[in-house]
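Worksheet: one structure, shown below.
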Amino acid sequence: MRAVRIARVALDVPVDETFDFRIDADLEAPVGALVVVPFGRTRKVGVVFGHASRSRVPPERLRAIESRVADIPPLSAAELALYEFCARYYQRSTGEVIGMALPPRLRQVRRRPITPAPARSGAPSLREVVAPTPAQLTALAIGAAGLGRFHPVLLHGVTGSGKTEVYLRLIAAVLARGRQALFLVPEIGLTPQFEQQVRERFEHARLVALHSRLGEGERATAWLAAQSGAADIVLGTRLASLTPFRDLGLIMSTRSTTLRTSSRRACVIRRATSPSGGRASWALR
């Protein structure tokens with residue numbers, strides 16, 4: 001008799017535990033995979049958090065995973081650790097946190113497959129406008145010294161003092177290493193302003209925006225581009241801090257007083273649990 005394979009699946013319900021489901025012989029469900037499972041009289045998309053050989057559910061009542069979501073790669077161990085931290089911090093279930101992190105389209109049981117964005121080739125360069133000032137060069141040297149490790153920097157200056165230029169040049173340094181940058185803005189209304197600034201200076205970079213006002217398809221495509229590494233720069237509100245990245249090298253936030261403590265801690269935990277050993281620098285404005 002073959003041993004029963006059991007997956008422990010986190011679901012977007014207010015219950016602080018995972019749910020056991022049987023993995024049939026013709027299905028692979030690795031940790032981090034998104035799966036479709038029966039739940040009561042409905043069906044839900046959940047995430048496999050672990051495996052087991054035994055369950056508290058009697059064998060005759062153990063229901064099987066229906067299918068694996070094929071067009072979404074498994075979430076990494078670092079992302080799962082981040083979601084577990086957020087669940088403890090917010091006192092919510094892990095499944096609820098994942099439900100908040102996943103775009104609505106990716107939580108749908110029935111939907112059309114999403115075509116992945118093409119992989120990027122080469123590092124986009126920064127279009128030069130003006131030469132940096134001595135103060136900007138000093139700030140750049142401090143920020144660049146920490147690339148490749150966790151290195152929080154607070155950049156303070158009045159409006160018009162040139163902070164944005166420092167940020168853009170730090171992004172360029174990260175992209176030159178083949179890594180990605182996350183640019184957090186304080187509110188949705190400011191996203192177009194920053195998006196225009198970044199696009200004008202990085203003409204050949206793949207930039208995606210992530211916030212709740214995007215259409216479901218656009219938001220899902222942007223999320224997958226960040227996860228696969230096809231996106232060079234992700235610009236969004238604090239919700240974007242829960243987005244998975246292939247190789248995140250820099251996290252930036254404008255106006256540090258508007259970035260809530262919980263979001264800052266999420267960024268720190270993302271650094272600590274990253275598979276690259278915490279090689280994401282962090283700059284606050």
- Item | GluC sites (Glu not before Pro) restricted to region 47-117 and DSSP loop, no more than 15 other C-beta within 10 Å | 66
- Mean residue ellipticity at 222 nm from the helices of the chain, using -39,500 (n - 2.57) per DSSP H segment of n ≥ 4 over the full residue count, to the nearest 500 deg cm²/dmol? -9000 deg cm²/dmol
- When averaged across all projection directions, what area in nm² does the alpha-carbon convex hull of the chain cover? 16.1 nm²
- In degrees, nearest ten, helix 216-228 long axis to first principal axis of the chain (Cα): 80 degrees
- Task: Would you mind calculating the gained length between residue 60 and residue 89 on full extension (0.36 nm times residue separation, minus the Cα-Cα distance), in nm to one decimal?
- Result: 6.8 nm
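Read-outs throughout are calculated quantities, based only on the coordinates presented, and are distinct from any laboratory measurement. Computed from a predicted structure; not experimentally measured. Every residue, glycine among them, receives a Cβ derived from its backbone with ideal geometry; neighbour counts consider all protein chains shown.
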